[in-house]
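The values are calculated or read from the model by the stated rules, or taken from the named source; none is laboratory data. Just so you know, these numbers come straight off a predicted model, no measurement behind them. Please note: Cβ atoms are built from the backbone with ideal geometry, for glycine as well, and neighbour counts cover all protein chains shown.
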Amino acid sequence: MTKGKAIIETGWNLDNSYARLPKSFFTSLNPTPVRSPKLIILNNPLATSLGLNVQALQSEGGIEVLAGNGIPEGALPLAQAYAGHQFGHFNMLGDGRALLIGEQITPLGERFDIQLKGSGRTPYSRGGDGRAALGPMLREYIISEAMHALGIPTTRSLAVVTTGEPVIRETELAGAILTRVAASHLRVGTFQYVANWGTARELRVLADYTLKRHFPDVEADERPYLSLLQEVIKRQAVLIAKWQLVGFIHGVMNTDNMTISGETIDYGPCAFMDGYDPATVFSSIDIRGRYAYGNQPHIGGWNLARFAETLLPLLHENQEEAVKLAQDAISDFPELYHRNWLAGMRAKLGIFNEEIQDGSLIEDLLGMMEKYRADYTNTFRALTFGIQEDTVLFGTPEFAQWHELWQARLGRQQESKASSHQLMRNSNPALIPRNHRVEEALEAAVKQGDYSVMERLLDVLSSPYAHSPKQADYSTLPAPSTCPYRTFAVPDIETLDQLIDVK
Ligand code: AMP
Ligand code: MG
């Protein structure tokens, strides 16, 4: 860093392994400078764990980097090329409003992508302006950090800066840039891009790079590319089970929004479910419910099949054999997912050992929750603390009967009631980022420039399993509304593409 008076080193320690990959995988370019950057929020613990100096990041020179006005030493900014099935339709995409600045090597030797989202146009922008608005970037910050605290693999948010420039959506909005931190930005769509438009050699280079970066343990396997497929399947089975267990709805599970690392990525129209209903959809653009809560495991499998297709030439020289290997691997996904989900559900109910009837015990509870529209998070929290909440569900004889069966089930394990309670505390969050609370925080931030509401929300969300008194306020439900909650993706080109795509 040369700009500003910062004497203290920021701590950037960047490598650029992606920039050493074949040139067709990306386009090198710098962020487009912005008029007057202002730091809105900085994630101090994350900065520190990355080996960055908080004070230096907050200095004029530090903020210039977060806004794309300055390039840190060692950075080689680039836009990544990728493709993707958006609502089932295949498109060429790429970073249209984001740039990979470099890969930060942390003091522990870990490697994380540092990406600026909203940093200006790129060759992949199509009709878009390359920019992002403050509300959606703060929303990604809040939800990604909440997901991390919930123990769900996710990209993280290092900072949000405003640009001092407006972005034009339905109305004029404040422009902003989010600094996103990820294990990598390799997506199913990255493989789709190379498989479709790259050479056989390039596909192998991408697969080898991925193995080295994310799956070094299987790199030396006899069939490393089959192992790659199996490992990605495993990570997605773990991830999607974790989403289901906390009631998270991604909203846009396009293949370009599915990582190879197994982290949740791209917080667009995502949200957490209040009342339990598998058909819940929040996204205003998901007209057909393709990405509804109950559909997420199925869509995960569909996306993984698209990933498997890209690997076919590497799986076996004989196409038929390759297809068979891919199919076998993909057919494991539902079972892997279910096993993860069942283990998580047992923990949510304080169950340590396994009984064959556990599945139906869980399904019965969920069935009642759906029937009586019981709040997903609060029901499990109430069960954890033995509270008979004043809800329709808790007043029914059906529930009383189920409760007896559950108590009897807990009696059929060696662990004490206290251990069960502890397991449930650690498996059932006190709170989730409730939609009305997130909206309230965003409204104060964006309309009034008051960030205190968001800061309080971030504080309680940072320890969801603490079950502390200050969290109680945040677990109350929104006032009944006749209008279902909808998250609107900023009407940018993606939205328009998707609207056209949804037949
Ligand atoms: P995402 O919302 O990140 O999943 O975006 C899907 C695709 O649309 C990606 O190729 C994005 O880079 C691109 N995109 C989204 N918004 C914009 C924008 N405002 N300008 C340019 N490209 C965009
Ligand atoms: Mg995306």
Considering segment 132-190 alone, what residues qualify as being polar (S, T, N, Q) and in a strand (DSSP E or B)? THR154, SER157, THR162, THR163, THR179
Within 16 Å of ligand 2 (Cβ to nearest atom) and buried (at least 22 other Cβ atoms within 10 Å of the Cβ), is that true of VAL281? no
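Quickly run through segment 251-265 and pick out the residues that are part of a loop (DSSP other than H, G, I, E, B) and either farther than 19 Å from ALA183 by Cβ or within 13 Å of ligand 1 (Cβ to nearest atom) (or both).
Matches in segment 251-265: GLY251, VAL252, MET253, ASN254, ILE265.
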Sort out for me the helices (runs of 4 or more DSSP H) sitting completely within segment 1-104 that have 2 or more residues that are touching a residue at least 60 places away in the same chain (Cβ under 8 Å), within 16 Å of ligand 2 (Cβ to nearest atom) and touching a Leu at 6+ places or on another chain (Cβ under 8 Å). none
Can you tell me which condition ASN303 does not meet? The list is (1) among the polar types (S, T, N, Q); (2) within 16 Å of ligand 1 (Cβ to nearest atom); (3) under 15 Å from the mean Cα position of the chain (by Cα), and all the others hold. (3)
Residue, nearest to ligand 1 (Cβ to nearest atom), within segment 63-90, restricted to residues that are touching a Ser or Thr at 6+ places or on another chain (Cβ under 6 Å) and among the hydrophobic types (A, V, I, L, M, F, W, C): ALA79
Residue hits (segment 105-129; of a type in the set (A, V, I, L, M) and within 15 Å of ligand 2 (Cβ to nearest atom)) are LEU116
Inspect all residues belonging to segment 233-250 and state whether any of them is within 16 Å of ligand 1 (Cβ to nearest atom) and either outside the structural domain of GLY289 (by TED's automatic domain parsing) or under 30 Å from GLU370 (Cβ atoms) (or both). yes
If you check GLU145 against the conditions, is it within 25 Å of LYS212 (Cα to Cα), away from ligand 2 (no atom under 16 Å from the Cβ), charged (D, E, K, R) and not assigned by TED's automatic domain parsing to the domain that holds GLU455? no
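If you go through segment 272-291 one residue at a time, how many are at positive phi and either within 11 Å of ligand 1 (Cβ to nearest atom) or in contact with a Gly (Cβ under 9 Å, 6 or more places away or on another chain) (or both)?
So the count comes out to 0.
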Could you tell me whether any residue of segment 194-214 is within 16 Å of ligand 2 (Cβ to nearest atom) and small (Gly, Ala, Ser)? no
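To keep it simple, each residue is scored yes or no on (1) within 16 Å of ligand 1 (Cβ to nearest atom); (2) touching a Ser or Thr at 6+ places or on another chain (Cβ under 9 Å); (3) modelled with pLDDT under 95; (4) not in a loop (DSSP other than H, G, I, E, B).
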{"residue": "ALA195", "(1), (2), (3), (4)": "no, yes, no, yes"}
{"residue": "LYS212", "(1), (2), (3), (4)": "no, yes, no, yes"}
{"residue": "TYR225", "(1), (2), (3), (4)": "no, no, no, yes"}
{"residue": "TYR267", "(1), (2), (3), (4)": "yes, yes, no, no"}
